Amino acid sequence: MESKFYTADQVAELLNIHPKTVRKYIREGKLRATKVGKQWRITGHDLSLFVEGDGNTTLENFYEVTNNTTKIDGRLNENNDKVSVSTVIDIFVKSKSEVERISNTLIAVINSKDPKYGKSTMNIQYIEKSHKLRVMLWGTVHFTETLLSCISVLLDEDG
């Protein structure tokens, strides 16, 4: 499976934070990145690790960042969403066919383009050496709820 790379601006948009905040996290070593020319590139894996957290980020720090970036000029974010959700789901899989079944189903759900999904995104990564399928979601509560329910049903099938 190919690795996806993000720019600092793309990460900022996904996490609903300012690009300068992303670059600050890179400088401080909180977010791993590689310099390509004059721009930073962040792998999907490194973004996932950042989103999961390393245990060093306090709730106060997280709240401060969220509070500073949720409102811009006294307005809610551009979609007027009151809540934005990000989550990382690690699914331990038995075979590549299970990876394909789960991945294809989740991609089909996100491609249904339900308007309640807003600008929600999903990144799927298969970590072969640990037999883990990592699903990263960013978006509305409805989107996250739908995808988590779908994952739950898919895993119940495996019994």
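Where a number appears in this text, it was derived from the coordinates with a stated rule and is not lab data. Since we're looking at a predicted model, the values are computed, not measured. Positions of Cβ are backbone-derived with ideal geometry, glycine not excepted, and every protein chain shown enters the neighbour counts.
Of the peptides 135-144, 89-98, how do they stack up when ordered by the mean number of other Cβ atoms within 10 Å, highest first?
Values: 135-144: 20.8, 89-98: 13.4.
Ranking the peptides 135-144, 89-98 by packing returns 135-144, 89-98.
Stretched out straight at 0.36 nm per residue, the stretch from Phe5 to Asn104 would grow longer than its current Cα-Cα span by 33.5 nm.
Which entries in Lys35/Lys82; Lys30/Lys119; Lys4/Lys96; Lys30/Lys132 show an alpha-carbon gap greater than 29 Å? Walk me through the intermediate numbers first.
Numbers: Lys35/Lys82 34 Å; Lys30/Lys119 25 Å; Lys4/Lys96 19 Å; Lys30/Lys132 24 Å.
In this structure, Lys35/Lys82 lie more than 29 Å apart at Cα.
The spacing between segment 104-133 and segment 1-48, judged by their C-alpha centroids, is 20 Å.
Taken about its Cα centre, segment 85-158 carries a charge dipole of about 280 debye when Lys and Arg each add +1 at the Cβ and Asp and Glu each add -1 at the Cβ. Rounded to the nearest whole Hz, the Karplus-based 3J(HN,Hα) values (6.51 cos²θ - 1.76 cosθ + 1.60, θ = phi - 60°) of segment 94-109 follow the sequence 8, 8, 5, 5, 5, 4, 5, 4, 5, 4, 4, 5, 5, 5, 4, 5, with x at glycine and proline.
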